[in-house]
1. Could you give me the ³J(HN,Hα) list for the stretch C:83-89, computed from phi with Karplus coefficients 6.51, -1.76, 1.60 and θ = phi - 60°, whole Hz, x at Gly and Pro?
2. Starting with the fewest neighbours, write out A:LEU244, C:LEU126 ranked by other beta-carbon atoms found within 10 Å of each beta-carbon.
3. Amide H of D:ILE535 versus every other amide H placed in the peptide plane: which residues, excluding those fewer than 5 positions away on the same chain, fall under 5 Å?
4. In percent, how large is the relative contact order of chain D, given Cα pairs closer than 8 Å and 6 or more residues apart?
5. How far, in degrees from 0 to 90, does helix A:102-115 lean away from the longest principal axis of the Cα atoms of chain A, to the nearest 10?
6. Please work out the Cα convex hull volume for the stretch B:251-377 and give it in Å³ per residue.
7. Would you mind putting B:190-202, D:263-275, C:5-17 in packing order, based on average other-beta-carbon counts within 10 Å, highest first?
8. Explain nothing, just compute: Karplus ³J(HN,Hα) = 6.51 cos²θ - 1.76 cosθ + 1.60, θ = phi - 60°, for every residue of the stretch D:311-319 in order, whole Hz, x for Gly and Pro.
Amino acid sequence: MPFQPVKFYQTGTFTVGNRLLALEQRSVQANMQRTNSLNSGHRACQGCGEALGARYAIDAAMRASNKQLIAANATGCLEVFSTPYPETSWQIPWIHSLFGNTAAVATGIAAALRVKGRREVRVIAQGGDGGTTDIGFGCLSGMFERNDDVLYICYDNEAYMNTGVQRSSATPPAARTATTMPVGPEPGNVFGQGKNVAQIAMAHNIPYVATATVADLHDLEYKVNRAMGMHGARYIHIFVPCPLGWGAASNDTIRLARLARETGLFAVYEAEHGEVTSVSKIRKRVPVEDYLKLQRRFAHLFGKTPALETIARIQAMADKNIRKFGLLEQGGQ
Amino acid sequence: MLKQCEGSHAVASAVAMCRPEVICAYPISPQTHIVEGLGEMVKSGNLAPCEFINVESEFAAMSVAIGASAAGARSYTATASQGLLFMVEAVYNASGLGLPIVMTVANRAIGAPINIWNDHSDSMSQRDCGWIQLFAENNQEALDLHIQAFRLGEELSLPVMVCMDGFILTHAYERVDIPAQEQVDSYLPAFVPRQILDPAEPVSIGAMVGPEAFTEVRYLAHAKQMQALELIPQHAAEFKQIFGRDSGGLVRPYRCEDAETIVVALGSVLGTLKDTIDEMRDAGHKVGVLGIVSFRPFPLLAVREVLKNARRVVVLEKSLAVGIGGIVATDVRMALSGLHLHGYTVIAGLGGRAITKASLHKMLERAVKDELEHLTFLDLDHNLINRHLEREKQKRRSGPMAENMLRDVGVVAARIA
Amino acid sequence: MLQIRIHGRGGQGVVTAAEMLSIAAFLQGSYSQAFPSFGSERTGAPVVSFCRISDREIRLREPIMEPDSIIIQDPTLLHQVDVFSGLKDAGHVLINTAHSFEKLGIGDIMSGRRLERMCTVPANELALKYVGRPMPNAVLLGGFAALSGIIKLESVAAAVREKFSGKVAEGNIAAATAAYDFVKQKMQENVHA
Amino acid sequence: MDKPFAITLDVGSSLANHTGSWRTSRPLYVDSLPPCNNACPAGENIQGWLFHAEAGDYEAAWRVLVQDNPLPAVMGRICYHPCETSCNRGQFDSAVGINSVERFLGDEAIKQGWKFAVPDKASGKKVLIVGAGPSGLSTAYHLVRLGHQVVIFDAGPLAGGMMRFGIPKYRLPRDVLDAEIKRILDMGVMLKLNTRVDNILDTMKSGGFDAAFLAVGAHIGKRAHIPAGSAAKVLDAVGVLHSMEGEEKPMLGRRVVVYGGGNTAIDVARTAKRLGATESIIVYRRTREKMPAHDFEVEEALQEGILIKWLSTIKQVSDEGALTIEKMVLDDKGFPQPTGEFETLESDSLVLALGQDVDLSLLNGVPGLEIKDGIVQVMPNMMTGHPGIFAGGDMVPSERTVTVGVGHGKKAARNIDAWLRGGEYAAAPKHELAAYEKLNPWYYSDAPKIMRPMLEVVRRQSTFDEVQGGLDETSAQFEARRCMSCGNCFECDNCYGVCPDNAVIKLGPGKRFEFNYDYCKGCGICVSECPCGAIKMVPEDV
C-alpha cells in the first residue's frame, strides 16, 4: 500500500503533526520523544536540507528498527558538520570511513551482525550525491548486486558542497558550480543525459528503491519505514536543497524541494524489484521558472536577456519526467 | 600435523583455524588460492559461522573488512600488487580507525609495465600506512604469522599485514606443520573489540580531527607500533611454548655472530641466501644473513644489535625507491646511526626475476672485497640498458621503455628463469 | 638434493605433476619442494615446473637450472624450448611419446647420454586408455618412478589420491602403473639390447 | 569501551556547541488577529471556538463562543456573516462555513441544555435595560456575567425585538429564539414586558438603577411622500412583519408590491408570498448590484418566485391600487435619475420598506443627550451625553443588524461595568491582522466548503418552515477543520519538524512550542513553513 494522504484534517497530509491527527497518523518528527538522531549543535549551514533530511530519515529508521540501528556515513558535509572532534551530533552507533566506500562498510557491518546472529540490528549507509552517484558508485553497485541487507540513503543536493560547490554527476544542466561557471557560450553545467541513480538501482532489481524530498515528510517517513520493513539492498534517494550551494535563501529549503517536485524536475516514486509501484502526483503544477528563479545558481538564465531556450530545455526535462512517471493526476493540470 | 601442500593452502588452513567471522574476497594473482580455499570452507560449512563476501573491488574488500571489524567481527582479506594499491585509501583508514583486520599480501610487483610476478613493491608502498607488516620466509612461517597476526592485531587494536612472496611461497608445495585447532584456540583468544558499533552503547567512530589533536592521534598510532616491538617477541615466545617452534619475532639472524659481512633481507630470498652463506662460510668468508620479520614496526634496536660488530652490510631488497635506491636499506641505515661500516644496497628479484645462488655468490664476493657499488641491480642486463640509453641519446623516443627493451630481449616465453 | 624439471604445455597438468612428485617424496619421508615457473598460464603455452627432493630442509628458492632429471610431457617442445638446458650428464630424461628419440629428431642429442637413464613412454595413449583423456602428468610420474627409482610407485599412487579422487584417481593410478611397467620393461629391453 | 583518542566520540556531545551564536535574526511566535474575528460585529473569537469544534469538543467550543455572543443559534441563522466574507480561506478555495458551524453549536447547546454560568460575587449595582432586543439581551447577559443586577423593560408583549418582530419565522424559528432568550433570563435577568418607559430618568430614579442601557430599536416605518388615493392600501414593512407575530395575520391580497431595496423589503415580499400572494413584486429604484439587501437573500427570493422591478420608482397610488411607476437610469455616479417614462402596475397592497425610525420619546428632557438625524449619539464607550445612560443597537449610529446589536451589548456592558466601578474600560490592543500573504497555504488540504441544505422551493412558497437547514455533526466538524487558524498556532508541529537544528521545543498538547535559542541558527524555515503565519522573524539586537 503506498502512502495514503490524510484528507479531512485541515493540514493532516502535509504538516508534520497536527493535534487533530490520530497518533499513528502523525509523523515521527511530531513526536515529543523522537530520537533526534542528529542532535543540535551540529555545524551545518543555516537552513541545511541535508541535516534536516538526515534527521528525518534516521529518526524514522530508528523508530522502525526499535532503535536497533547502525549507520555508516560517507565523507561529505553530513559527516564533517556532524562529527568534528571533540563533538558528535549523532545519537546512534555511527562510523565514517571514507568518501567512496560507505556501501561496502555497511556491507561489512551487516555481515558482522549476521555472523553474530543479531538480525534485529539494522544497517544504514548514507552519503551525499558525490559519495553516492560518483565516487561511491562502485561500492554501491556491488552492495546492490549482492543484495546485502543495507538501506542506502543518498542525500542529493546536486553538487560537492563540502569542497566548495563543484559539479557532481547529480548537478542539473545550466547550474552554476565552482567548476561549471556561467561563462562562455553555454554557461553553467552542460546538458548531459543525466545519471539517475534511483533508476540504476532499480536496474539491479533490488527489493526497494524510492525517491523523496524534505518537503514531504510523511512520504519520506513512509518510505523509510517501508524500506526498513524489508531485507536486502534498499535505496532511498532524498532531494535536499542546499542554500549555500544553490544560492538560495536559508528559509527556502523546503519550498525549493516542494517546487522541484511540483515542477516535475524531481520525480517522487517508489519501486519494488525493479518495477515502479507508486508515484507521488504533482499537486499544483508550476513552471520551472518558479523553481529556478529562487536560486542564484540559475541567475544567469534570468539576466537582461533571459535564456529562454535554456529554460525551455529545462522545462522539457520536467515535462519528460511528468510523461515518463505519470506525475499528473488523471485529467490534472 | 605435517603436510605437503601449497603455501596458499597452508595459509588458508591457518586463517580458518583463527575462526574469522567475515572474509572479503576479490581475485588478484597470486593471492587467489588463499581466498578460494577459504571460500570453499565457508560454503561447505566447515568454517562457520563465517560470512564470505565476494566484493567488487579490493577497495570494497578492505571497506567491508572495516565495517565488519568495527561491528566486532574478526575480519580477514587478502590481496596483492595493484589490488593493494587500489585499496590504499581504505588501508590507511583501517589503521587510522584502529581496526584489527588481518590481511595477507601475496607480494607482487606493481605496474606499469604490468607484471604479475613477485617482488616487494606492493607492501613497501604501504610501509607508512600504519599497519603492522610481517614478512614470511617460508610457508611454515607464513602459516604461523597469520595466527600471531590476529593475536597481535587484536591486542593492539591495529591491523596486520602478513606479507609472503607471491608464487615463490603462495604457489610452492612444501612441508608444513599444520597445528591443531586446540593449539590455535589456546593461543588466540576470542576477539574482544576495543570499540564496537552497538546500539546498546552508541559511539561515533571516525570523527574529523583538526590540527589541535591530529599530531597526538598520529603519535598514539606510533606509540602503538612501539608497543608492538615489545609484544612481537613475547608472542613469538608464547607461540613456541604452544606450537613448539620458532616463528615470528622481530628479526632472525643467521650466522651473524662473528660475521664481517651481513646481508639483510626479507621474505623467501632468505632461504637462498642462507644456502649461499653456508657455501661462502665453507670457503672461509665470515658472512651472515639477517632476516627482518617485522618490517613495521621496524626493529631499529634489534637490527643495530646484530649489525653493530660487522664491517659491512649488504641490504638485498626486492623493491626500489626510484630516484634514491633502497627502501629497506634506508631503514637499516636508520638503525646504524653512528656506526662506521660499509653499506651496500642490492636491488634484486624485481618483477619475479629469479635470485640465484650463483648471482648472490658473485655479488657477495665483490661485496666482501668492498668492490660492490653502493647501489647494485642484481643481474642487470647492462647491454640492454646501454643500447636503450644509446638510442635515447640519438633520438628522444617517447613511449614505454619496456616495449623497446622487450624488442631487444626477444621472445621470453622460452626462458626458464 | 635431487632436482627435477618438468616441461609441458599449459593444460597438461605440468604444475600438478611437480606437486604430486613432491607429495610422493614427502610421503616417503623426504623434504621436497614443488613450484611452477610462474606465469599467467594459458592453454598451449610452454610451461615448466620444478621439484626438489632432499633429506634436509630445502631453503633454496631459485628455479632449477641444472636438473638431475627432466620430464617432457610434450615432445613438440623439443624443438621450441631448450629443455635439456643445464641437464646433468647423468640426468634422467623421460619423454612422453610413442616414438623413438631418432624419430623425434633428437637422436644426436641423446646419443651422448647414458642409455639406462633415458626413456620414452606413450603417456597420452595410456592416459586415454585408463583415464579417458590425454592427461599425461600422473602417468609420466609412474614412468619416472620406474626410470629413476627416486620415488616408489606406491608413493605416486598415494600422491595421485591426494590430488584426485574416485575414478579419476584410480584411472590415473592404473595408467601410472602401466607406465611404470612399460618403462621397467623397456629398461630391461635396453639392458638386454 | 576503550575508545581511541579523538577518532571515536561519545554520542550527542555536540550539545556543547551552541550554534545560536550564529544567528542574525530570530524567530518569534506571534498571535495575530484573524480576519474573521476582525470582521465580526460581535467580536467573536471565531478561530478560538472553531479550534474546539475541530477536535469535536462542542461544549468547549460553545463556551468560547458565548463569551462574546449569547445567541449562537440565532446568529447561526440570521447573521450576515461578514466573517466568511473576510475569511482567508476564500482566497484558497472557499470561505469556511463559520455561520453554519455556529448554528450547529447553538442548536447543539439547546439540544444538550447547556447553561450559562453565573458568577458568585454580586457587585451590588443595578442596571436598567430598555428594550429586549438583541442589543438589550446581549448587554444584560454580559452585565450579569460581570456581577451586576439587570432589569429589562420592554414595551412589547414578547422579548426579542426585531429578532421576533422583524425577521420572518422561515429565517428564524421562534422556538430557537425562545430557547436562547430563556437561557439569558435564566441567569437571573428580570424582564418586564409590555412596560413602556416614558421617561428614562424617572424610571431610573424610581427603580434605583445605577445606570441604564437603552436599546429600543427602530420600529417606526419610514413613510415616503407618495400621493395615494384614500382607499389605497399602503402599509409599512415593520408593521407587516410585526403583525405576523400577532393573532391577526395581515391581509395583503393577491398582488403585493413592496417598495424598497433592503433586507426588510425582501423579508416582506417573501412573507407575502407565503401568505398566499400570487404575485409578490419588489420595486426598487436602482440595480441588483446596488441593492443593499444581501445577494443570497435576493437569490433565495427570486428562487421563490418574487419578482423585482429594477430601476423603478413609485410616483402615485390610485384608489384601486394601480401604481404609477417611473423608469429610472443610473447616472455617472450611480444615482438613479428619472427618465419621464411611466408605466402602471396593478396591486392589492403596497408595502413600504424604506427604512425605520427610532421612537425617542422616552428621552425627552434628559440633559446632555444629543440626538442627530433621529438617532441617539453615543461616545466610543457607548455612553450618551448623559452620564450613566448608555445606548446601542438600531437607535445609535451603526449598521442595523442583529449581530451589530449583540456586539453593542458586549461593548456597552464592559463600559457600563467600568463606569460603575468608577473607571474606564480599555480594550486590549488589537493584534496585527493575519493577512493571507502571511500564510503558507500549501499545507492546507484541499477541502471545499460544505453547503447547507435548503428547503425545496414549493414548500418555501407556501409555508413558514425554515428555509436553510443545519449541518450534521460530521459536516460541521469538517467545516470547522477547514479553518486555517490564520495568525495563531494550531499545533501542527511544522516548526518542530522542519527545524534542521532541533531548536524548537514541543511543550505538549495545548502548550504550543518554544524556541531553543541556544541552537537556533536563525534560518527562518520555521517561519516560511508555518502554515498559519504564527511565527515572525525579527533582527537580533547585535
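1. Each residue of the stretch C:83-89 in turn: 5, 8, 3, x, 4, 5, 4 Hz.
2. Values: A:LEU244 17, C:LEU126 28.
Placing the least packed residue first, the sequence is A:LEU244, C:LEU126.
3. D:VAL30
4. On the way: 1165 pairs, mean separation 119.9, N = 542.
It comes to 22 percent, rounded to a whole number.
5. Between the helix axis and the principal axis of chain A, the angle is about 20 degrees.
6. Convex hull volume per residue, Cα atoms: 96 Å³.
7. Ranked from most to least packed, the peptides come out as D:263-275, C:5-17, B:190-202.
8. Listing the rounded values in order: 6, 9, 10, 8, 9, 6, 10, 8, 4 Hz.
Bear in mind these aren't lab numbers, they're just calculated from the coordinates by the rules spelled out. Computed from a predicted model, the values in this text were never measured in an experiment. Glycine also receives a Cβ, built like all others from the backbone with ideal geometry; neighbour counts cover every protein chain displayed.
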